[in-house]
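Any read-out appearing in this document is the output of simple, stated calculations on the displayed coordinates, not a laboratory observation. Quick caveat: nothing in here was measured; it's all calculated off a predicted structure. Cβ: placed from backbone, ideal geometry, glycine included. Neighbour counts: every protein chain shown.
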Amino acid sequence: MSDQNELFLTCPKGLEGLLLEEAKALGLDEAREHTSAIRGIASMETAYRLCLWSRLANRVLLVLARFAVRDAESLYQGVLDVDWFEHLERSGSLAVEFSGHGSGIDNTHFGALKVKDAIVDKLRQADGTRPSVDRLNPDLRVHLRLDRGEAILSLDLSGHSLHQRGYRLQQGAAPLKENLAAAVLIRAGWPRIAAEGGALADPMCGVGTFLVEAAMIAADIAPNLTREQWGFSNWLGHVPATWNCLRAEAEARAAAGLAKPPLWIRGYEADPRLIQPARNNIDRAGLSDWIKVYQGEVATFEPRPDQNQKGLVISNPPYGERLGDEASLLYLYQNLGERLRQACMGWEAAVFTGAPDLGKRMGIRSHKQYSFWNGALPCKLLLIKVQPEQFVTGERRTPEQREREREQSALQAEAPKLNRNGNPIKPAPAPVEQARLSEGGQMFANRLQKNLKQLGKWARREGVDCYRLYDADMPEYALAVDLYHDWVHVQEYAAPRSIDPEKAQARLFDALAAIPQALGIDKSKVVIKRRERQSGTKQYERQAAQGQFMEVKEGGIKLLVNLTDYLDTGLFLDHRPLRLRIQKEAAGKRFLNLFCYTATASVHAAKGAARSTTSVDLSKTYLDWARRNLSLNGFSDKNRLEQGDVMSWLGDDRGEYDLIFIDPPTFSNSKRMEGVFDVQRDHVQLLDMAMARLAPGGVLYFSNNFRKFLLDEQLPARYRIEEISTETIDPDFARNAKIHRAWKIMAK
């Protein structure tokens with residue numbers, strides 16, 4: 001090998017500029033950028049130094065040859081011409097990676113096979129001894145890149161990718177690769193802050209990648225110092241003396257760095273399951289004296305560094321993987337912004353996000369942004385100076401006003417008030433200024449407050465505990481907002497295809513930002529779901545598994561609702577008047593509830609002194625919920641719960657009932673039922689079968705929420721039918737009179 005070698009350093013997309021700066025500082029000459037790589041000229045000593053010290057590269061490739069490729073045969077010959085005896089023992093092992101295409105080679109596996117064949121044929125002995133293939137831990141990793149008819153044949157000096165430092169054996173759900181985390185820290189100015197003795201805090205630290213990379217930078221630890229196996233370890237061109245000298249130098253630098261007083265580096269993580277994995281990773285990196293990790297929510301995050309120094313807050317909030325998740329993350333970003341404004345004045349902050357629109361919702365401006373890629377996901381790094389003039393809050397104050405407030409705060413700190421025992425009274429924390437709402441968000445907030453003023457009086461007068469506050473009153477804000485005690489349940493209606501998705505999302509964020517401010521409710525008590533056109537039993541399928549039930553009151557009874565786990569909550573608010581009517585009419589009657597869901601109407605009937613109740617539903621989950629609703633109110637005797645397909649059950653049942661309630665789904669299918677139920681097609685058969693079970697003088701209430709539903713015109717000839725829809729709509733649904741239709745049906 002010559003003293004000067006051509007090197008390629010590969011890296012994640014978007015890190016080329018940073019890697020170029022780093023590689024030049026480590027000794028790479030004539031360095032130039034390429035896509036996801038840089039190239040340059042270096043000695044073997046510099047090549048080793050790049051392997052050991054590069055925080056950003058994936059691989060260090062040493063170019064062996066460049067040659068023209070016209071076809072598969074010229075590819076084979078070009079590889080064969082290399083003197084492989086200088087690089088690999090005949091009994092050694094190799095792995096080949098091939099990238100690119102052209103010159104009749106369009107399959108990378110075929111290209112890699114031709115390269116392997118040429119190397120093996122060159123080294124094959126007369127007795128058949130030849131190198132073997134080992135894809136996991138070969139003696140030599142060979143890389144060939146075919147680009148516009150030219151082959152670039154290289155040795156991979158790194159072995160496994162350099163981002164694999166060896167400390168992170170336990171990972172969270174979506175961890176950043178170590179070299180991307182290092183790049184974010186470098187862009188955020190951490191090397192400068194660390195050199196000044198600054199602190200670092202990560203309020204959503206996961207398994208601690210930012211923390212470890214930051215500590216290694218601050219302590220001058222080579223990122224790959226502990227790596228034992230390299231791509232050059234068994235390469236015949238390896239120069240151990242040069243390598244050992246560089247490694248000894250790196251070990252001495254690390255020892256000196258770790259001997260310094262450690263910087264204040266702290267991580268906080270809400271998920272208790274990640275705390276121990278993070279600590280394990282930190283221990284493996286040998287940095288447990290420098291880094292501490294605690295469990296804590298973002299909303300309570302407050303760095304408390306020693307000696308009151310400032311530093312960097314760095315964070316990689318979750319991106320959201322499921323439909324609708326991104327909306328629920330809005331409050332996470334708002335909480336982060338509030339904590340920065342409240343607890344991190346004078347710090348710098350860096351927020352790495354795959355959802356930059358959410359980054360704008362923190363209520364604090366970024367002074368600089370950088371584009372990155374996290375795998376295939378485009379991301380932004382938002383750099384923030386946590387200073388009052390950067391805040392985007394509801395209250396606009398002049399710089400002079402802010403300066404006077406700072407002076408007053410300083411005076412209060414110098415002369416604290418004393419209590420009766422002569423001890424200083426700890427001042428109450430200043431309230432966090434709310435982020436300023438957009439014009440549209442303020443309009444939405446005004447509408448919520450107007451509705452709350454009107455409906456709140458009605459709800460208090462009627463003793464209504466949960467009700468609909470808003471139902472797409474303004475078409476551009478297509479949400480349903482329901483109050484449950486001091487909780488808010490928000491359903492986003494899917495926007496029509498004619499609406500620009502970005503505009504729809506921006507409006508959603510405006511509305512969600514407005515809800516806690518307008519209603520004076522903590523963000524943690526807002527639950528958000530997306531309601532789309534449903535098919536089959538999809539609306540009854542589990543969305544989450546938190547299992548959090550809360551009690552609400554209605555008409556003197558208690559009911560369990562679950563705001564998180566299903567699209568619906570277990571209580572159809574629009575049927576409140578019908579349930580109360582059933583309670584009033586149930587005394588002494590045998591009550592039948594078909595498609596009973598969580599049997600809320602049955603609980604009302606039991607409260608109204610029904611002689612018995614029978615509730616039928618196909619879902620065991622909802623019947624268990626129904627059992628809990630009945631038990632919660634002390635009703636267990638004389639209340640039957642039947643699991644089964646309603647149509648089949650009615651065909652088999654021979655009971656007689658004085659009061660029947662039917663609220664079927666629009667459409668339903670299940671493995672446990674025969675065929676498919678369609679309310680428009682099947683309602684005549686359903687009502688005829690139910691009326692056959694109705695006692696003389698009895699009443700059947702039928703309701704459904706299919707907007708295009710038409711009651712069969714032949715039914716009035718058989719039964720006395722009265723539409724009572726307007727009587728079953730309370731004021732909270734008056735804006736949406738088509739929420740359901742209802743009929744009272746009796747025998748003639």
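Once you wrap a convex hull around the alpha carbon atoms of the stretch 439-533, what is its projected area averaged over all directions, in nm²?
Computed as one quarter of the Cα hull surface, the answer is 6.1 nm².
With +1 on the Cβ of every Lys and Arg and -1 on the Cβ of every Asp and Glu, and nothing else charged, how large is the dipole of the stretch 550-747 about its Cα centre, in debye rounded to the nearest 20?
Charge dipole, the stretch 550-747, about its Cα centre: 420 debye, nearest 20.
Considering the zone a paramagnetic label at residue 637 would reach in this model (a point 7 Å from Cα along the Cα-to-Cβ line), which residues of the stretch 566-593 have amide N under 19 Å from it?
Under cut-off, by backbone N: 587-591.
When only DSSP loop residues count, what GluC sites (Glu not before Pro) in the stretch 213-294 have their Cβ near at most 12 other Cβ atoms within 10 Å?
Loop-located and lightly packed - 228.
Could you give the angle, 0 to 90 degrees to the nearest 10, between helix 330-343's Cα long axis and the longest principal axis of the Cα atoms of the chain?
Rounded to the nearest ten degrees, it is 70.
Before anything else, pin down the relative contact order of the stretch 1-153: Cα pairs under 8 Å, at least 6 apart, normalised by residue count, whole percent.
24 percent
Can you give the local net charge around residue 209? Use residues other than it whose beta-carbon is closer than 14 angstrom to its beta-carbon, Lys and Arg +1, Asp and Glu -1.
The answer is +2.
Using +1 at the C-beta of Lys and Arg and -1 at the C-beta of Asp and Glu, which of 602, 280, 650 has the Cα lying farthest in the positive direction of the dipole of the chain?
The Cα lying farthest towards the positive end belongs to 602.
Could you compute the net charge surrounding residue 370? Neighbours are other residues with a C-beta less than 12 Å from the C-beta of residue 370; K and R count +1, D and E count -1.
So the surrounding residues net to +3.
I want to check the label-to-label distance for residue 680 and residue 29. Put each point 7 Å from Cα in the C-beta direction and report it in nm to one decimal.
According to this spin-label approximation, the distance is 8.0 nm.
What is the dipole size for the stretch 5-156, taken about its Cα centre, with +1 at each Lys and Arg Cβ and -1 at each Asp and Glu Cβ, in debye to the nearest 20?
In total the dipole reaches around 280 debye.
Please determine, in degrees from 0 to 90 and to the nearest 10, the orientation of helix 240-259 with respect to the longest principal axis defined by the Cα atoms of the chain, where the helix direction is its Cα long axis.
With rounding to tens, the tilt is 50 degrees.
Using 0.36 nm per residue of separation minus the Cα-Cα distance, give me the extension gain between residue 450 and residue 737 in nm, one decimal.
The residue 450-residue 737 span can extend by a further 101.4 nm.
Grab the beta carbon distance between residue 77 and residue 723, set R0 = 60 Å, and tell me the FRET efficiency rounded to 0.05.
Using R0 = 60 Å, I get an efficiency of 0.10.
Sorted by average packing, counted as other Cβ atoms within 10 angstrom per residue and highest first, what order do 710-720, 737-747 take?
Those peptides, ordered most packed to least, come out 737-747, 710-720.
So for the chain, averaging the separation of alpha carbon pairs under 8 Å that are six or more residues apart and normalising by length, what relative contact order in percent results?
7 percent
Which value, in debye to the nearest 20, gives the size of the charge dipole of the stretch 439-533 about its Cα centre, when Lys and Arg are +1 and Asp and Glu are -1 at the Cβ?
With only Lys, Arg, Asp and Glu charged at Cβ, the dipole is about 220 debye.
Please go through the residue pairs 385/529; 529/607; 558/584; 457/558 and name each one whose alpha carbons sit more than 25 Å apart in this structure.
Listed pairs above 25 Å: 385/529; 529/607.
Could you work out the helix-only [θ] at 222 nm for the chain, with each DSSP H run of four or more residues adding -39,500 (n - 2.57) and the total divided by the number of residues, to the nearest 500 deg cm²/dmol?
Rounded to the nearest 500, it is -9500 deg cm²/dmol.
Tell me the relative contact order for the stretch 550-747 as a rounded percent, counting alpha carbon contacts under 8 Å between residues six or more apart.
18 percent
Identify the residues of the stretch 351-373 with backbone N under 19 Å of a label point that sits 7 angstrom from the Cα of residue 192 along the Cα-to-Cβ direction, or state none.
Taking a point 7 Å out along Cα→Cβ of residue 192, the residues of the stretch 351-373 whose backbone N falls under 19 Å are 351-352, 365-371.
So what's the net charge close to residue 746: Lys and Arg +1, Asp and Glu -1, counting the other residues with Cβ under 10 Å from its Cβ?
Net charge in that neighbourhood comes out at +2.
Compute the angle between helix 399-414 and the longest alpha-carbon principal axis of the chain, please, reported from 0 to 90 degrees and rounded to the nearest 10.
90 degrees
If R0 is 30 Å, what FRET efficiency do you get for residue 584 and residue 710 from their C-beta distance, rounded to 0.05?
Plugging the Cβ-Cβ distance into 1/(1 + (r/R0)^6) gives 0.50.
Quick one: P(r) of the chain from all Cα-Cα pairs, 10 Å bins, percents rounded to integers, in order of increasing distance.
Going out from 0 Å in 10 Å bins, the chain shows 2, 11, 17, 16, 14, 13, 12, 9, 4, 1, 0 percent.
Could you run the Karplus curve 6.51 cos²θ - 1.76 cosθ + 1.60 with θ = phi - 60° over the stretch 32-49 and give me ³J(HN,Hα) per residue in whole Hz, x for Gly and Pro?
So the Karplus estimates, Gly and Pro as x, are 9, 8, 10, 5, 6, 6, 10, 9, x, 10, 7, 6, 5, 4, 5, 4, 5, 4 Hz.
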